[in-house]
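First the structure, in the form of C-alpha cells, and then the observations on it.
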Amino acid sequence: MRGAMPKEVPVSSFLATACLQARERVDEARRLVSEEHLRDRATGRGAPPSLVEALTSAEGVAVIAEIKRASPSKGHLAWVPDPVARAAAYAAGGAAAVSVLTEPAHFHGTISDLEVVSDAVALPVIRKDFVVDTYQIWEARAAGAAAVLLIVAALDHDRLVELLVEADMAGLDVLVEVHDVDEADRAAAALAVWRTYRRPVVGVNARDLNTLTVDPGRFAACVDALPPGAVAVAESGVTTVEDVRRAGEAGADAVLVGEHVVTADDPAAAVRTLAAWRPGWFEAAERHPR
C-alpha cells in the first residue's frame, strides 16, 4: 500500500561487494583524516551551487554528464587523464550538472577527480559512489561537491534517513537512486522523515543490479511511484535525442548520461545534441526538415 513502510529487500551480490569495499575504504580514510577535520575543511568552502535549481531551470530535459573511466558492465570505457578538460567540455555543450565517479575498484575514479572538477567548473557536481557512511558525505563536501548519490538498494531505512539528514547538515543536495517501484516506496518513506526545505531529487536507474543490463522502459514504469514534487531523473541507457524525448515525455526533468558522453570523440557536441531536445522538437523537425 502506497505510503506504508516498505519492506527491505536483499541487495545484489555486486552491490553487496561494492558496499563492503566502500566501508573498508572509509575505515582506512578515517584512520588518516578524521571526520572532524573534513567538517572543518568543508566549512571553509563557500556554498555549492544548487543541483535542484540547475535541473529545473533547463528549457527542456536537463543533462547530467558523467565522468567515469570504467563500469562493471563494460570494463574500461575511456582514458580520462584530464577530468577538468572533460567537465569543461560538458559545460560548453550545455550540461546542467556533472557527475563524477569517485569509486576506484569498479569505476576507476578518485576523490581527487571530484575535487579538481568542483574547483574548475561552475556547474553543480555530484559525487557518485557507494555512499554508506557519514564520512563520505563530509568527504564530498570538503572536496567541493554540490550533491551526493544515495542508492536505496544499498541502504536500510534508518541508514538512508541518517545519510539524508547528514547531507542536509553538510549543505548538499542528494540524488536518491531507485530501480523499481518497491525502492521508490522506500525512498518516499525515508524522504517523509527527512524534513528539509530542499526539494528531493530522485533518479530511476534503468540498469538491473543483478544482470547489469538496461531496461529502457524502467523509468516510465516507476515514474508514477516517485515521491510527489521530486525532481525526476532518468539514469542509464541514454545515448540519443530520441532517448531524451522518451524520458521527457514520460516525466523526466533530467537524464544522467555516462558512457555515451565519456566515450565521445567530441564530448561537447555529444552533450549539446542531447540537451537540444525541447517539447515539440521532433514535430517541428518533421514540419521543417533541413
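The values are calculated or read from the model by the stated rules, or taken from the named source; none is laboratory data. Just so it is clear, the model here is predicted, and its values are computed rather than measured. Note that each Cβ is placed from the backbone with ideal geometry, even for glycine, and that neighbours are counted across all protein chains shown. In case anyone asks, the SASA skips ligands and DNA or RNA and just uses the protein heavy atoms, side chains included. Shrake-Rupley method; radii C 1.70, N 1.55, O 1.52, S 1.80 Å.
Tabulated data for the structure shown
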quantity	calculated
Qualifying positions in the stretch 219-263 - β-branched (Val, Ile, Thr), open to solvent by less than 20 Å² (accessible area, probe 1.4 Å) and in contact (Cβ under 8 Å) with a residue 40 or more places away in the chain	Val231, Val233, Val244, Val255, Val257, Val261, Val262
Filtered residues of the stretch 52-75 (kept if under 17 Å from Ala105 (Cβ atoms), assigned to a strand (DSSP E or B) and touching a residue at least 24 places away in the same chain (Cβ under 8 Å))	Ile67, Ala70, Ser71
Members of the stretch 95-107 found to be outside any strand (DSSP E or B), within 17 Å of the chain's Cα centre (by Cα) and not polar (S, T, N, Q), listed by number	Ala95, Ala96, Glu103, Pro104, His106, Phe107
Filter pass, Thr273 being at pLDDT 90 or above, open to solvent by 60 Å² or more (accessible area, probe 1.4 Å) and polar (S, T, N, Q)	yes
The lone exception for Thr102 - which of (1) open to solvent by 20 Å² or more (accessible area, probe 1.4 Å); (2) touching a helix residue (DSSP H, G or I) at 6+ places or on another chain (Cβ under 8 Å) it fails	(1)
Every residue from the stretch 95-124 that is touching a strand residue (DSSP E or B) at 6+ places or on another chain (Cβ under 7 Å) and more than 21 Å from Val176 (Cβ to Cβ)	His108, Asp113, Val117, Val121
Subset of the stretch 261-271 [part of a helix (DSSP H, G or I) and either out of contact with any strand residue (DSSP E or B) (no Cβ under 9 Å at 6 or more places or on another chain) or of a type in the set (S, T, N, Q) (or both)]	Ala268, Ala269
Restricting the stretch 35-52 to residues that are charged (D, E, K, R) and loosely packed, with under 13 Cβ neighbours inside 10 Å, the residue that is nearest to Arg141 (Cα to Cα)	Asp40
Of all residues making up the stretch 173-185, the number that are farther than 22 Å from Thr211 by Cα and charged (D, E, K, R)	2
Restricting the stretch 142-179 to residues that are of a type outside the set (A, V, I, L, M) and assigned to a helix (DSSP H, G or I), the residue that is most open to solvent (accessible area, probe 1.4 Å)	Asp158
Candidates Ala188, Ala192, filtered to the one that is surrounded by fewer than 19 Cβ atoms within 10 Å (Cβ to Cβ) and under 24 Å from Ala254 (Cβ atoms)	Ala192
Conditions (1) in contact (Cβ under 8 Å) with a residue 60 or more places away in the chain; (2) basic (Lys, Arg); (3) surrounded by 21 or more Cβ atoms within 10 Å (Cβ to Cβ); (4) touching a helix residue (DSSP H, G or I) at 6+ places or on another chain (Cβ under 6 Å): number failed by Arg199	(3)
Selected residue (only one of Ala85, Ala58, Ala89, Ala70 is at pLDDT 95 or above and open to solvent by less than 50 Å² (accessible area, probe 1.4 Å))	Ala89
The stretch 108-141: number of residues that are surrounded by 23 or more Cβ atoms within 10 Å (Cβ to Cβ), in a helix (DSSP H, G or I) and either in contact with a Lys or Arg (Cβ under 7 Å, 6 or more places away or on another chain) or not hydrophobic (A, V, I, L, M, F, W, C) (or both)	8
